[in-house]
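What follows is calculated from the coordinates using simple rules that are stated; it is not laboratory data. All figures in this text were calculated on a predicted structure; none of them were measured in a lab. In this analysis, Cβ positions are derived from the backbone assuming ideal geometry, glycine residues included, and neighbour counts consider all displayed protein chains.
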Amino acid sequence: MNRRTLLTTSLGASLAIILGQHAGAQDMDQQTKTSFDTVMGFMGAMGSGDMEKMNALMADDMVWHNEGDTTIPWVHGGIQGKEAIFDFLGVFGAGLQTTKWENTDAFASGDTVAVFGAMNGITTHSGKAIGDFSFALRAKVRDGQVVLWHWFEDSFALSKAYHTA
């Protein structure tokens with residue numbers, strides 16, 4: 001199965017639908033607006049499986065960071081570079097089927113964007129649903145490209161679902 005299919009299956013079209021919101025964008029300075037639009041565009045491309053757009057919006061030295069139970073194949077301290085991130089997304093897409101994704105708040109200041117929301121998913125390892133949980137994202141943008149994607153989630157709930165037989 002190719003990366004696009006895995007990622008599209010995992011994140012689903014629901015991401016693309018909810019990411020069209022640009023509340024307050026008209027009140028932002030240019031750097032802030034560019035950062036906000038870049039992160040939302042990256043998130044939307046990820047949700048729709050548009051690898052070309054994702055690639056264009058990623059800096060070559062981008063870092064994807066998340067923490068938690070490292071026995072889960074897609075949880076790690078951090079990876080750097082486009083190739084490593086695309087490899088990671090294939091593993092993530094194969095391991096988690098996202099069943100809910102709702103952005104509830106998003107804001108930006110300068111090169112930093114924060115997104116908060118709720119999600120749920122099923123781990124393919126156990127077939128168990130994680131249960132609704134909150135997430136937060138802190139992203140950084142440089143020259144119209146994402147350079148940092150720092151993901152925060154309920155890693156305990158994820159670990160319990162993954163390891164439940």
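For residue 53, go through the lysines and keep the ones whose alpha-carbon is under 25 Å away, minus same-chain ones fewer than eight residues off. Straight-line reach from residue 53, under 25 Å: 33, 82, 100, 140. Here residue 160 is the anchor, and the lysines within straight C-alpha reach of less than 17 Å, apart from those fewer than 8 places off in the same chain, are 128. The protection proxy used here, the mean number of other Cβ atoms lying within 10 Å of each residue, ranks peptides 109-118, 71-80 as follows, highest first: 109-118, 71-80.
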